[in-house]
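The values are calculated or read from the model by the stated rules, or taken from the named source; none is laboratory data. Small disclaimer: the values here were computed from a predicted structure and weren't measured. Cβ placement follows ideal geometry from the backbone for every residue including glycine, while neighbour counts extend to all protein chains displayed. Only protein heavy atoms, including side chains, enter the accessible area calculation; ligands, DNA and RNA are left aside. Shrake-Rupley method; radii C 1.70, N 1.55, O 1.52, S 1.80 Å.
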Amino acid sequence: MKKFFFLPLVFTFYIHGLLAQKVDSIRVEQSGDFVRILYKITGSNENQTFRISLLASINGGLRSELKSISGDIGDNIVGGKNEYWILWDVLRDVDELNSVEFFVKAELTRNLPAPARKIRSEMTMKWQKKRFTIMPAVALPGPRIGGAIGYNESFGLLGSFTRGKIAYPTAIKSDIGGTVYEGGKWGNQFSINLTKRIISIESFQVHLVAGFSVAEMEYSVTEESLYVWFDKEETFGLSAGILFGAGRMTGSFMYMNYDPGSVEKGNQGYWLITPMTLFSVGLGVRF
């Protein structure tokens, strides 16, 4: 009569020919007359193929191959799985089992390069996680100096602030009459924009940018006496541009156009004399 005594067993696992990987997370389960051996090949991937063999020293005897086994055993075992298993039908191989020592051998038989598409996908995902952007920025003419900060996924936000000298007035005396005094005040510029990612290839991304902007602009002010001076007023406009990232570097180019209509209408005698257009360039890092 065959006997199967499941005593404390000793399991020894080998992996051969691949220094960066090993058999790990070994578990053994008994179900009736069957023993199930579960294991992992750490560091393996689906482009690798292994030859898995199993030897056993039964009841202190010499190592020998087990015949009644199935599962992840033999040639062409593909790497990259979460877990592997070998099932042994014990009583088909031995009449009595008191102790056993297993020897699992995993030999790398094929190691193909990962598909380029998969590598690009992994690289793209890595850099898509770099969502924060911070950069110094300069707006022209002026210049106005400041910076921009953003959070950019598929959709995101980008805000910027600059401060500097407003472009000198270009008023012509014959146009506005009276005495023209040089301006050149300092002013602020601020914009808030929505972003939309349109290109994402490995570490390179491009986002479209569009939003609203406000800047302090200079106006000439005339009175009935034809006396002329200059005043600084906040003027609203639209902004648009691109935001790009390449590796850890990021940059932006923005175009901002302002409409002086509401200021001129609300303040009789005001006339915008600074350029209605600003261009902003930024260069920084993303993390």
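Which condition number does Gly61 fail, the rest of (1) in a loop (DSSP other than H, G, I, E, B); (2) modelled with pLDDT of 85 or more; (3) of a type outside the set (S, T, N, Q) being met? Answer for Gly61: the failing condition is (2). Look at the stretch 23-42: where a residue is among the small types (Gly, Ala, Ser) and at pLDDT below 80 and a partner is assigned to a strand (DSSP E or B) and surrounded by 14 or more Cβ atoms within 10 Å (Cβ to Cβ), sitting 6+ places away or on another chain with Cβ atoms under 8 Å, you get Ser25/Leu38; Ser25/Tyr39; Ser25/Lys40. Of the residues making up the stretch 245-259, those that are closer than 15 Å to Ala215 by Cα and open to solvent by 50 Å² or more (accessible area, probe 1.4 Å) number 3. Of the residues making up the stretch 260-283, those that are under 17 Å from Ile192 (Cα atoms), out of contact with any Leu (no Cβ under 7 Å at 6 or more places or on another chain) and open to solvent by 20 Å² or more (accessible area, probe 1.4 Å) number 2.
Residues in the stretch 87-109 that are under 19 Å from Gln48 (Cα atoms) and not charged (D, E, K, R): Val104, Ala106, Leu108, Thr109. Here the stretch 78-115 is the region considered, the condition is being more than 10 Å from Ile58 (Cβ to Cβ) and among the hydroxyl-bearing types (Ser, Thr, Tyr), and the residue that is modelled with the highest pLDDT is Tyr84.
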